[in-house]
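Below is one structure, written out as structure tokens; the observations come after it.
Each reported figure results from applying straightforward, stated rules to the coordinates on display, with no laboratory input. Keep in mind the model is a prediction, meaning the values are calculated, not measured. Methodologically, a virtual Cβ is constructed for each residue, glycine included, from the backbone with ideal geometry; neighbour enumeration extends over all protein chains shown.
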Amino acid sequence: MQVASSLETKAHARVKARLQKDVASTAIEIGLIDVGIRDAEAIQDWRRGQALAIAAQALARKGDRASAEACVAKAVQVAASTESAKQDQLNLEIALAMAMLGNVEQARQYGARAPVEFTGRVEAQLVSQVSIDEVDRQCDAFDKAIASGSFDIVRSGVDGYFRVWSRVRTDATRGGREGHPRRAASPAAGPADRRAPAACRRTR
């Protein structure tokens, strides 16, 4: 972090902030969350909020809800003072943190501000937080993502289905969609293959 912070001229401000964020994120990724948070606080632009939101996700995974909420609250403050053109990645990380904390409405609020190719990641994270009937509706959204043919959007739909498996794999009706993500992810998959068969849907 000392090296990343050593760039002092305004001309290097963006590079400095990006390097600082990378250092903070790496510390968080390897489990040094407190170090990552300390390093994040030194960042002088919107990437401070991004790193703090990533820390909030790590804390949520550990079950430290109070600390996670404190970090994501700071990230939200950064987002509020950041110009909209620079908010895409920040909003995504906040949305993912909110989803991990079970704050469904706020997760979707910030997820809607992220680029469309990333919103599926937020919905995938919410699979474990919403009612089982809403999971059915999420599967409809994942179907549409997969049918788009755009790589990043297709991937978000596939990721969503993998999380659905984790939740409902013992449900024979919903579990019948199991082969759908693999077919959709195949470059050879045609439009018909990108749609889950109606028989796999839950009978309402």
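Values computed for the structure shown
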read-out	value
Set of aspartates and glutamates near LYS74 by C-alpha distance (under 12 Å), chain-local residues within fewer than 8 positions excluded	GLU41
Calculated from backbone phi, Karplus (6.51, -1.76, 1.60) coupling profile of region 65-79 in Hz, x at Gly/Pro	5, 4, 5, 4, 5, 5, 5, 5, 5, 5, 5, 5, 4, 5, 4
Taking N as its residue count, the alpha carbon Rg of region 1-114 over 2.2 N^0.38 Å	1.01
Sequence-distant lysines (8 or more away, or on other chains) whose Cα lies within less than 30 Å of LYS144	LYS86
Karplus-derived HN-Hα couplings along region 36-43 (A = 6.51, B = -1.76, C = 1.60, θ = phi - 60°), whole Hz, x at Gly and Pro	x, 5, 4, 5, 4, 5, 7, 6
FRET efficiency for PHE151 and ALA42, using Cβ-Cβ distance with R0 set to 41 Å, rounded to 0.05	0.70
Calculated from backbone phi, Karplus (6.51, -1.76, 1.60) coupling profile of region 128-138 in Hz, x at Gly/Pro	7, 9, 9, 5, 5, 5, 6, 4, 4, 5, 5
Contour minus Cα-Cα distance for SER166 and ALA66 (0.36 nm per residue)	33.4 nm
